[in-house]
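Below is one structure, written out as structure tokens; comments come after it.
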Amino acid sequence: MSSLAIVGGRVIDPANGIDTVADVVVVDGVVARVGAKAASEIAADRTIEAGGKVVAPGFVDLHAHLR
């Protein structure tokens, strides 16, 4: 079981109405917890400091040129 904690980033998730500074914990490739102190609740194998960064679902470039 591998886990990753993304700490202190601005979490934006339009589908769930989230736009706040929070932690995101991912366990085995699945988001396990999102919240202000989520990283302290679950021990993670790896931690990424995301202060000043945006944490969001994947972005898609809708302006692609296929030639």
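Against the numbered list (1) at pLDDT 95 or above; (2) more than 14 Å from the chain's Cα centre (by Cα), Ser40 comes up short only at (1). Every test in (1) assigned to a loop (DSSP other than H, G, I, E, B); (2) of a type outside the set (Asp, Glu); (3) surrounded by 15 or more Cβ atoms within 10 Å (Cβ to Cβ) is passed by Val34 save one, and that test is (1).
Checking each residue of the stretch 3-15 against the condition of being assigned to a loop (DSSP other than H, G, I, E, B) and open to solvent by 70 Å² or more (accessible area, probe 1.4 Å) gives no match.
Tallying residues that are open to solvent by 60 Å² or more (accessible area, probe 1.4 Å), assigned to a loop (DSSP other than H, G, I, E, B), out of contact with any helix residue (DSSP H, G or I) (no Cβ under 8 Å at 6 or more places or on another chain) and under 23 Å from Met1 (Cα atoms) within the stretch 37-57 yields 3.
Can you say whether Val21 is surrounded by fewer than 16 Cβ atoms within 10 Å (Cβ to Cβ), part of a strand (DSSP E or B) and in contact with a Gly (Cβ under 7 Å, 6 or more places away or on another chain), as far as the supplied structure shows? Considered against the rule, which asks whether it is surrounded by fewer than 16 Cβ atoms within 10 Å (Cβ to Cβ), part of a strand (DSSP E or B) and in contact with a Gly (Cβ under 7 Å, 6 or more places away or on another chain), Val21 comes out as yes.
The values are calculated or read from the model by the stated rules, or taken from the named source; none is laboratory data. Since this is a predicted model, take the numbers as computed values, not measurements. When we count neighbours, we look across all protein chains shown, and the Cβ atoms used for this are built from the backbone with ideal geometry, even at glycine. Just so you know, the surface numbers come from the protein's heavy atoms only, side chains and all, with ligands and any DNA or RNA stripped out. Shrake-Rupley method; radii C 1.70, N 1.55, O 1.52, S 1.80 Å.
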